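The next block holds one structure in the form of structure tokens; read it before the comments.
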Amino acid sequence: MQIKQGGMSADGLNLKKYFLAKNLKKDLPAGLVVFLVALPLCLGIALASGAPLFSGILSGIIGGIVIGTLSGSQLSVAGPAAGLTVIVLNAITNLGSFEAFLLSVVIAGAFQIILGLVKAGTIANYFPSAVIEGMLAAIGIILIMKQFPHAVGFDSDFEGDEGFQTQTGNTFSGILNALNKINYGAVVISIVSLALMIYWPKVKKLAAIPAPLMVVVIGVVLGYVFTGTEFALLDKQFVQIPLVSSTKEFFGLFKSPDFSAIGNKAVWITAFTIAVVASLETLLSLEAVDKIDPIKRISPTNRELVAQGAGNVVSGLLGGLPMTAVIVRSSANVNAGGRTKMSAVFHGFLLLICLLAIPSLLNKIPLSCLAAILLTVGYKLAKITLFKHMWHKGLDQFIPFVVTIVAVVLTDLLIGVGIGMLVGVFYILRTNLRNPYFYTIAPNGEKNTIRIKLAEEVSFLNKAAIQITLTSLPKGSDVIIDGSHSRYIDPDVLEIIENYKHNAYTKGIIVQLQDIKERYDIPPLKDLIYKP
């Protein structure tokens, strides 16, 4: 079974493979595991996004069935992602209505389809890794800050009334207000849930059962045990999915985009932000999943963008959240032994059955245990070891990383990433200007042999540095200028090298060009003279 970039092989087009017994016996159990991981995350991300909890499960269903069917990746699983919570939370508030936000999701999906059709699947390669890491770490920090009030039982409103506002500047005051309005039952549930999230996976005999599932089960049990005591939770501290008694009421839960907001500039800015961030997170997750795929298949990135775009269009039209390929669910799929995309599709159908059959049971889940799950997710995005890792990579990586984090936390995601990009590009240019080459000096009798090895890319920006180095070489040296590792050398730089070679004899310097003249030969002047 081979999957090639840009499409699928003839074997990949054979639908029978998805229904082979040898694949289904692995895909169906893996789909069940992914469902158990996805259910609490769908609810928790909707909570963190300030959106109806119904929309979280709805987007999980669409991510499994629609994107799972259209995707060329066999193991990635799509759904609502923690990386988009900040955008969604701010957008719903700034746009004034959830319906206007849904229009942004539809437009974002259309943008992604266009990106896929124009083969922009390599877009992630043009963002400095330090900036991407900083963006994800900032999202983790904001996620922790936003979920802390829910973890201690301060659940006045998903969208942040009574001091817990969606703007970052008021998040700190929201945390202080939450400390003054603690519900001790919610605190106990949060602590127990955090302990389960941390220690449950470390027990080998228990690790087969997903930790988030156990958190939900224990949260439901504790919520019931605390009933009638001083630790009792309020109704608003539980999941609140509307219960329906008829088909008409069920379809009434779906929301439609407000197309009258099509002329709103903020709608288009939100759509562009979602499209860029969702595409980046999807492509990064896809790359990570391909690395852990036991069969080492390569997923078609352009097709994935089209699939994600189609899924987001459907999600926006029905009232769901924007989605990406999610590494948490995808890695759970791989670890559970999934073989084909049927595991992702199956998990989507399980979410649908859960929504239709047991909504009253879902409403017994405390928000504080979902908050604990999201606190863990936030920490994994911004863990201390990540900061240590970036520090050891050097200041040219650490500074753009930290600047991106601070900028995103204090402004918003798009502006923060833009600032991080500027700093990252500055350090890239600075590195290229300073390091167009490196050279070694080896003794050669009474003379020294100096080998100057040029970088992979030598642009006109490197002219000054190379000129200064060449003119400062000691008299009487043997100089080897090595271009064997260079893919491109700017003509201006070549001219400097040629001039230096012809004039160096006046200083007793012998210059030898290695893999430069043969590959980047400058035609003699006589060949450039026009001949009628």
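The values are calculated or read from the model by the stated rules, or taken from the named source; none is laboratory data. Predicted model only: the values in this text are computed from it and were never measured. A quick note on method: Cβ atoms are made from the backbone with ideal geometry, for glycine too, and the neighbour counts reach across all protein chains shown. For the accessible areas, the whole protein counts, side chains as well, though only heavy atoms, and no ligand, DNA or RNA atoms are used. Shrake-Rupley method; radii C 1.70, N 1.55, O 1.52, S 1.80 Å.
Would you mind stating whether Ile405 is within 17 Å of the chain's Cα centre (by Cα) and more than 30 Å from Leu213 (Cα to Cα)? Give the derivation first.
Values: within 17 Å of the chain's Cα centre (by Cα): yes; more than 30 Å from Leu213 (Cα to Cα): yes.
So Ile405 fits the description; yes.
Note down all Cβ pairs under 6 Å where the first residue falls in the range 114-137 and is in contact (Cβ under 8 Å) with a residue 60 or more places away in the chain, the second is aromatic (Phe, Trp, Tyr) and part of a helix (DSSP H, G or I), and they're at least six residues apart or on different chains.
Ala130/Phe401; Glu133/Phe401; Gly134/Phe401
Being of a type outside the set (Ser, Thr, Tyr), surrounded by 21 or more Cβ atoms within 10 Å (Cβ to Cβ), in contact with a Gly (Cβ under 7 Å, 6 or more places away or on another chain) and farther than 26 Å from Ile269 by Cβ, is that true of even one residue in the range 49-61?
Scanning the range 49-61 turns up at least one residue that is of a type outside the set (Ser, Thr, Tyr), surrounded by 21 or more Cβ atoms within 10 Å (Cβ to Cβ), in contact with a Gly (Cβ under 7 Å, 6 or more places away or on another chain) and farther than 26 Å from Ile269 by Cβ.
Report every pair of residues separated by at least 6 positions or lying on different chains whose Cβ atoms are under 6 Å apart, first residue within the range 484-496 and within 14 Å of Leu461 (Cβ to Cβ), second open to solvent by 50 Å² or more (accessible area, probe 1.4 Å).
Pairs that qualify, where the first residue is within 14 Å of Leu461 (Cβ to Cβ) and the partner is open to solvent by 50 Å² or more (accessible area, probe 1.4 Å), are Tyr488/Glu457; Asp490/Phe460; Asp492/Phe460; Asp492/Lys463; Val493/Lys463; Ile496/Gln467.
Criterion first (within 28 Å of Lys16 (Cβ to Cβ), among the small types (Gly, Ala, Ser) and open to solvent by 10 Å² or more (accessible area, probe 1.4 Å)) does Ala325 satisfy it?
On the way: within 28 Å of Lys16 (Cβ to Cβ): yes; among the small types (Gly, Ala, Ser): yes; open to solvent by 10 Å² or more (accessible area, probe 1.4 Å): no.
For Ala325, the condition - within 28 Å of Lys16 (Cβ to Cβ), among the small types (Gly, Ala, Ser) and open to solvent by 10 Å² or more (accessible area, probe 1.4 Å) - is not met.
Would you say Phe259 is free of Cβ contacts under 8 Å to residues at least 40 places away in the same chain and either farther than 19 Å from Ala81 by Cβ or open to solvent by less than 60 Å² (accessible area, probe 1.4 Å) (or both)?
Values: free of Cβ contacts under 8 Å to residues at least 40 places away in the same chain: no; either farther than 19 Å from Ala81 by Cβ or open to solvent by less than 60 Å² (accessible area, probe 1.4 Å) (or both): yes.
Answer is no for this residue.
What helices (runs of 4 or more DSSP H) lie completely within the range 284-383 and have 2 or more residues being without any contact (Cβ under 8 Å) to a residue 24 or more places away in the chain?
342-357
Residue-wise test of (1) farther than 25 Å from Ala310 by Cβ; (2) part of a loop (DSSP other than H, G, I, E, B); (3) among the acidic types (Asp, Glu).
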{"position": "Ile87", "(1), (2), (3)": "no, no, no"}
{"position": "Ala91", "(1), (2), (3)": "no, no, no"}
{"position": "Ala100", "(1), (2), (3)": "no, no, no"}
{"position": "Ala110", "(1), (2), (3)": "no, no, no"}
{"position": "Gly121", "(1), (2), (3)": "no, yes, no"}
{"position": "Ile132", "(1), (2), (3)": "no, no, no"}
{"position": "Ala137", "(1), (2), (3)": "yes, no, no"}
{"position": "Met145", "(1), (2), (3)": "yes, no, no"}
{"position": "Phe148", "(1), (2), (3)": "yes, no, no"}
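Within the range 218-226, is there a residue that is within 27 Å of Lys380 (Cβ to Cβ) and either among the charged types (D, E, K, R) or open to solvent by 40 Å² or more (accessible area, probe 1.4 Å) (or both)? Let's see the steps before the verdict.
Quick first cut of the range 218-226, residues within 27 Å of Lys380 (Cβ to Cβ) only: 218-223.
Next, only the ones that are either among the charged types (D, E, K, R) or open to solvent by 40 Å² or more (accessible area, probe 1.4 Å) (or both) stay: 218, 221.
Within the range 218-226 (the criterion being within 27 Å of Lys380 (Cβ to Cβ) and either among the charged types (D, E, K, R) or open to solvent by 40 Å² or more (accessible area, probe 1.4 Å) (or both)), the answer is yes, since at least one residue qualifies.
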